[in-house]
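I have placed the structure first, in the form of structure tokens, so that the comments after it can refer back to it.
Derivation of every value follows stated rules applied to the coordinates shown; laboratory data play no part. Keep in mind that this is a model prediction, so the values were computed, not measured. Reconstructed Cβ throughout: ideal geometry from the backbone, glycine too, with neighbour counts over all protein chains shown.
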Amino acid sequence: PGISVIFEGSREEFFPKLMAWAQESGASCEGFEIANFAGEGFGLRATKDIKAEELFLWIPRKMLMTVESAKNSVLGPLYSQDRILQAMGNVTLALHLLCERADPSSPWLPYIKTLPGDYDTPLYYEEEEVRHLLSTQAIQDVLSQYKNTARQYAYFYKVIQTHPTTSKLPLKDAFTFDDYRWAVSSVMTRQNQIPTEDGSRVTLALIPLWDMCNHTNGLITTGYNLEDDRCECVALQDYKENDQIYIFYGTRSNAEFVIHNGFFFQENAHDRVKIKLGVSKSERLYAMKAEVLARAGIPSSSIFALHCSDPPISAQLLAFLRVFCMTEEELKDYLVGEHAINKIFTLGNTEFPVSWDNEIKLWTFLETRAALLLQTYKTNSQDDQCVLEKPGLSLHSRVAIQLRLAEKQILERVVASGKAKRLHFQQQQEEGAPLPRYEESDIALLENAEADDKLPIILRKLEEEDDQAAVEQVLAQVQQLGQGGTARDLAPLIVNGDSGKVVVNGNGTDAKLFTFCPFRWFVPPSMALLLVPSYLPTAADCLHTASQCVSPIGLLSEH
């Protein structure tokens, strides 16, 4: 047991060599220095004033440790034959790091010697410290992380001892679990994606010097310059001389920060907890609800997020809950009602409720569900606050309890928000307030009205003419779905783009032209939502951002 390679001297003593190596390699070394910040550990400190968006740090590719550099190292022969290494870039980087650490001639030693000797990821928690996380949402991920790391170590220990391609690996004589835990934590807390040299795909990398920056709220300000073949970082904000220089790690929850980075971020603007929701397949209206959700680009069962901000739910979750709580008549309205296509795009918009009753139901459901989740914890928020005030608490215990408390505080906010929303919509209903209606001439906003990043969808109808016979036939099939049929029952509905006709069970009807930016489809407006997915784009197809399709309710990944 224990680390098999130990360097003489403290971590701090190796920082000058790291800076010298960076300068020799063509990295930027002026305008900042490595410093120790109380409570945050080592970071970068400005040695001059730096303006927001000013390029102050760049690291050339030759300094990076990547999956590609691993393939070209002593690890290459094993990589070429081991499927786990080929499939898991993070594991490849971990073994690459260990091999280079054990090689006195490694070009990366100036970097490796500055890495911490241990970490604060849960892989380093004592049993009693892990117990603080029992009943939290994070506990399963913590236990899985440890289990997977142990399994990987056992697998590679055997491979290193027995595989013919490992005879020259420096790990053959010394490869302990502590070694692997250290390497995995080093990679987990530092890995980033960069493009390969030809720019055709991405690969994982460790980025020396840049990874000394600590985290704060903000925006991603690091990119990769393929022309100069280097990582570049611009200042997140104005920095005065002697200020700590921060970067934004991304929209991670505190559970992700604790598990993957080893710290709890008190002012996390993106903190959230997970909630698993789904429409029961045994429900009578399942097929209709699943169809409406599919048209909105939302799965009928998924893990969503409850956010620390207000409102606590994303536009995607709002849309899901609205469909989840719809009556049969409301579902029909969103499937084949007037302007049904357009209304799909309002599902995630707070300005256009389905009905007052639907809003009351969904906020009541959310309030109740969050309250039930709170009851699964063994302690309440007040208990956690009292424990945190006690002296002598270990760092890991403190972080675990902070995470436990943060989860509860988010759920408490959801309960309060759900109650307030429920009472508001009950009042609207009692007062007979008119329901806001989507006007066809409006541009549907796909995000909540409160959000800054409102995303318009361009849905332009060139012609509209109802075909009553087709509508009635489709309605009959929808009713069949509601009585236990499946989406497969709609398979006869096909689009014949060549003749400009829509064939409904063999009966041709005149095609009506729509423009979904950037697609064109020949579909009668009253039927468009009932065609099987292979013939009609989902709502997710109708919005293109940076040449990628996203859901009209927001990105499916709740980040």
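Among the GluC sites (Glu not before Pro) within segment 339-400, which fall in a DSSP loop and have no more than 16 other Cβ atoms within 10 Å of their own Cβ?
On the way: sites: 351, 359, 367, 389; in loops: 351, 389.
Sparse-neighbourhood loop GluC sites (Glu not before Pro): 351, 389.
Just report the Cα centroid separation between segment 11-69 and segment 335-351, whole Å.
The distance from the Cα centre of segment 11-69 to that of segment 335-351 comes to 51 Å.
Over segment 272-430, what portion of Cα pair distances is larger than 20 Å, expressed as a whole percent? Write out the running numbers ahead of the final one.
Numbers: 6895 of 12561 pairs.
Result for the distance tail: 55 percent.
Quote to one decimal, in nm, the extra length available between residue 379 and residue 243 on full extension: 0.36 nm per residue of separation minus the C-alpha distance between them.
Working: separation 136, 0.36 × 136 = 48.96 nm, distance 3.93 nm.
Length difference between fully extended and current span is 45.0 nm.
Can you give the Rg to Rh ratio of segment 153-285, both from alpha-carbon atoms, with Rh computed by the Kirkwood formula? Each step should come with its number before you reach the end.
Numbers: Rg = 20.7 Å, Rh = 18.8 Å.
My calculation puts Rg/Rh at 1.10.
Residue by residue through segment 212-227, which ³J(HN,Hα) values in whole Hz follow from phi under the Karplus form 6.51 cos²θ - 1.76 cosθ + 1.60 (θ = phi - 60°), with glycine and proline marked x?
Coupling constants for segment 212-227: 7, 5, 8, 9, 8, 5, x, 10, 5, 10, 10, x, 10, 8, 5, 5 Hz.
Using a/c under 1.5 as the rounded threshold, could you call segment 33-159 rounded, prolate or oblate? The axes a ≥ b ≥ c are square roots of the C-alpha gyration tensor eigenvalues, and prolate needs a/b larger than b/c, oblate otherwise. Present the calculation step by step, with values, prior to reporting the outcome.
On the way: a/c = 2.11, a/b = 1.11, b/c = 1.91.
In terms of gyration-tensor shape, oblate.
Quick one: what does P(r) look like for segment 11-261 with 10 Å bins over all Cα pairs, in whole %?
With 10 Å bins starting at 0, P(r) equals 7, 29, 35, 23, 6, 0.
When a/c reaches 1.5 or more, the comparison of a/b and b/c decides; with that in mind, is segment 240-326 rounded, prolate or oblate per its Cα gyration tensor?
On the way: a/c = 3.66, a/b = 2.90, b/c = 1.26.
It is prolate, given that a/c is not under 1.5 and a/b is the larger ratio.
Please arrange 10, 25 by how many other C-beta atoms lie within 10 Å of their C-beta, fewest to most.
Working: 10 9, 25 17.
With the fewest neighbours first, 10, 25 line up as 10, 25.
How do 415, 323 line up, fewest other C-beta atoms within 10 Å first? Before the final figure, lay out the partial values.
Values: 415 20, 323 28.
The order, fewest Cβ neighbours first, is 415, 323.
Return the ratio Rg/(2.2 N^0.38 Å) for segment 95-157, where Rg is computed over Cα atoms only. Numbers along the way, then the final one.
On the way: Rg = 15.5 Å, N = 63, 2.2 N^0.38 = 10.6 Å.
With N residues counted in segment 95-157, Rg over 2.2 N^0.38 Å equals 1.46.
For 231, 99, which order do you get if you count the other beta carbons within 10 Å of each Cβ and list the fewest first?
Working: 231 24, 99 20.
Exposure proxy ranking, most exposed first: 99, 231.
Give a quick list of trypsin sites (Lys or Arg not before Pro) in segment 276-343 that DSSP marks as loop, anything other than H, G, I, E or B, with at most 16 other Cβ atoms within 10 Å. Walk me through the numbers before you get to the answer.
Working: sites: 276, 281, 284, 289, 295, 322, 332, 343; in loops: 281, 284.
Sites meeting the loop and neighbour criteria: 281, 284.
For the pairs 71/172; 274/408; 113/158; 361/421; 276/419; 276/361, note any where the Cα-Cα span goes beyond 22 Å.
Cα-Cα > 22 Å for 113/158; rest within.
Extension gain residue 198-residue 390, at 0.36 nm per residue separation less the Cα-Cα distance, in nm? Each step should come with its number before you reach the end.
Details: separation 192, 0.36 × 192 = 69.12 nm, distance 5.49 nm.
Result for the pair: 63.6 nm of gain on full extension.
What are the semi-axes of the equivalent ellipsoid of segment 291-357, taken as the square roots of 5 times the eigenvalues of the Cα gyration tensor, listed largest first and rounded to whole Å?
Listed largest to smallest, the semi-axes of segment 291-357 are 21, 13, 10 Å.
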